[in-house]
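The values are calculated or read from the model by the stated rules, or taken from the named source; none is laboratory data. Predicted, not measured: the structure shown is a model, and the values here were computed from it. Ideal geometry is used to build each Cβ from the backbone, glycine not excepted, and the neighbour counts take in all protein chains shown.
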Amino acid sequence: MILEVFLYCYFGSELVYQTHRMTDAIYSCNWIDQDRKFKKMLIMFMQSTQKSMTIIAGGFFTVNLAAFVSVLKSSYSVFALLMRLT
């Protein structure tokens, strides 16, 4: 069960990381030698990649590694409370 949640959270974080890297990759291409139309399209593409892409679960929280840690902490707290009650 933990592995299933971890996979979603890991790839959610990876999506954010890769979208941030995409702007740098676009800038690193050989855009200086290209024509004006290509440069305009490149600028528009760079602007669209600067918006952070995230996965939101159920409209409540962002699916990333921070959310995974939060789920683990909450799960352990409930587990410890139940163990103390029995």
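Pairs needed: first member in region 1-14, surrounded by 14 or more Cβ atoms within 10 Å (Cβ to Cβ); second member anywhere, in a helix (DSSP H, G or I); C-beta distance under 7 Å; at least 6 residues apart or different chains.
VAL5/PHE68; VAL5/VAL71; PHE6/PHE68; CYS9/LEU65; CYS9/ALA67; CYS9/PHE68; TYR10/LEU65; SER13/LEU65
Scan region 23-33 for residues that are surrounded by 13 or more Cβ atoms within 10 Å (Cβ to Cβ) and either under 19 Å from THR62 (Cβ atoms) or without any contact (Cβ under 8 Å) to a residue 24 or more places away in the chain (or both) and jot them down.
Residues satisfying the conditions are ILE26, TRP31.
Among (1) in contact (Cβ under 8 Å) with a residue 40 or more places away in the chain; (2) touching a Lys or Arg at 6+ places or on another chain (Cβ under 7 Å), where does THR62 come up short?
(2)
Which residue pairs have Cβ atoms closer than 9 Å, lie 6 or more positions apart in sequence or on different chains, and pair a first residue in region 65-86 that is of a type outside the set (Asp, Glu) with a second residue that is outside any helix (DSSP H, G or I)?
From region 65-86, the pairs are ALA67/ALA57; ALA67/PHE61; SER70/PHE61.
What number of residues in region 38-67 are farther than 15 Å from GLY12 by Cα, assigned to a helix (DSSP H, G or I) and of a type outside the set (Phe, Trp, Tyr)?
Matching residues across region 38-67 total 10.
Before we move on, is ILE55 within 21 Å of LEU72 (Cβ to Cβ) and among the β-branched types (Val, Ile, Thr)?
yes
Just for region 8-37: of the residues that are of a type in the set (Phe, Trp, Tyr) and part of a helix (DSSP H, G or I), which one is nearest to VAL69 (Cα to Cα)?
By that ranking, first place goes to TYR10.
Exactly one condition in (1) loosely packed, with under 13 Cβ neighbours inside 10 Å; (2) modelled with pLDDT of 90 or more is false for GLN47; which is it?
It is condition (2) that GLN47 fails.
Can you name every residue in region 40-56 that is within 12 Å of the chain's Cα centre (by Cα) and of a type in the set (Gly, Ala, Ser)?
Result: SER52, single match.
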